[in-house]
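Read through the structure below, which is laid out as structure tokens, and then see the notes.
Derivation of every value follows stated rules applied to the coordinates shown; laboratory data play no part. Being a predicted model, the structure only gives us computed values, none of them experimental. Ideal geometry is used to build each Cβ from the backbone, glycine not excepted, and the neighbour counts take in all protein chains shown.
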Amino acid sequence: MTSAARQVFKGGLAAFEQATQETAVIASSSGGAILRRGLAVAIFSLLEEFLLSRLNEIAVVINQGHLHFSNLPSAMQSRAIKNVIEVANARLSRGGPLVDTSLAQSVGASLTAINGPIILSPLTWAWKGSNLNEQDYFGILKSFHLQNAAAEVQDLAGRLGFNVTSPTGTPLDARDQLKQFASERHAAAHDAQHSVSTLWLNGVLDLAIKYAVCFDAFVSTAAGAMRAGDANFLNNPGWSKSANVSIRKIVERTKDWAEFREGATKAAHVSADRASLTLAASGRCGPTELLVVSSKAGRILDWSVPKSELEPRGRDRSQQTSFRPSGLS
């Protein structure tokens, strides 16, 4: 599971969880209230940074293939030109370094490749505003050929074990949940009187993981299809579906780790060593199979779509697209 974006995100989640247990954060005081507001902003920023960093990696995966710009669906061609220009302009208008070489390189390489092999910039999918909103999130997924994105995300989340119903049993809406998450972040950042509860902080960690894993699963499987030049993907704007993503799990048990195919009650493979079992399971995964590692309590600890990870190669055109995300506020 080689994604640097995932590693940074998981480290941030661990730090966030540790911070929520600190006495100063839990305290019913003005100081505790300030710290809780800060953590509400931090957890949303972690999700934003993960999505941007993962899109950097996804661009490299796609560019490792042999597609030409003319092979792309018209909607993605438009996004690869229009969105790149608009996002770059928005970032420059918000200030920052006088010369952002990584941004300039990404935009220039992408826009000059429209008559040959693709060099897609991560800005193809980035959002224009300073912060992510629910329309941005689901719009990106739609651009990777996921129709009815909110319903598909919630379906995959349920299969992964996330809570997708309210205490009364009413189905939760993934779009509304993300909108509320973003609204809480905005209020915590801009309203000095806003109250963030410890109960909310304790529950939001799984919410961030849900949106990260589901996003990653859909864009990774789509990127793998694009790298392979899969005509079924290129010609079908509804190619991505929860049902098309199979799941393989590595589950922590009392004395070992066990590998399960989705729906199976009997372990396919068992090992006392998590790392070796995960590596072996990665080799058994299909092209659209999501591999997740979960704790005894059921929390996802790690994940990947192994067949859509970066291929080990020397320097090539794909390396021109990576840049460090910045400008979040």
Summing -39500 (n - 2.57) over every DSSP H run of at least 4 residues in the chain and dividing by its residue count gives a helix-only mean residue ellipticity at 222 nm, to the nearest 500 deg cm²/dmol, of -16000 deg cm²/dmol
With label points set 7 Å from each Cα along the Cα-to-Cβ direction at Ala268 and Lys128, the distance between them in nm comes to 4.5
For Thr165 and Ser28, FRET efficiency with R0 = 30 Å and r from the beta-carbon atoms, rounded to 0.05?
0.45
Antiparallel content of DSSP bridges confined to the chain, in %, to 5:
65
Between Asn89 and Gln147, the two model label points (7 Å from Cα along the beta-carbon direction) sit apart by a distance in nm of 3.2
Calculate, in nm to one decimal, what Trp200 and Thr2 gain on full extension: separation in residues at 0.36 nm each, minus their alpha carbon distance.
68.1 nm
Which entry in (1) 23.8; (2) 16.3; (3) 18.2 is this structure's computed mean projected area of the Cα convex hull in nm²?
(3)
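Counting other beta carbons within 10 Å of each Cβ, put Trp239, Trp125 in order, fewest first.
On the way: Trp239 18, Trp125 26.
Ascending Cβ contact count within 10 Å gives the list Trp239, Trp125.
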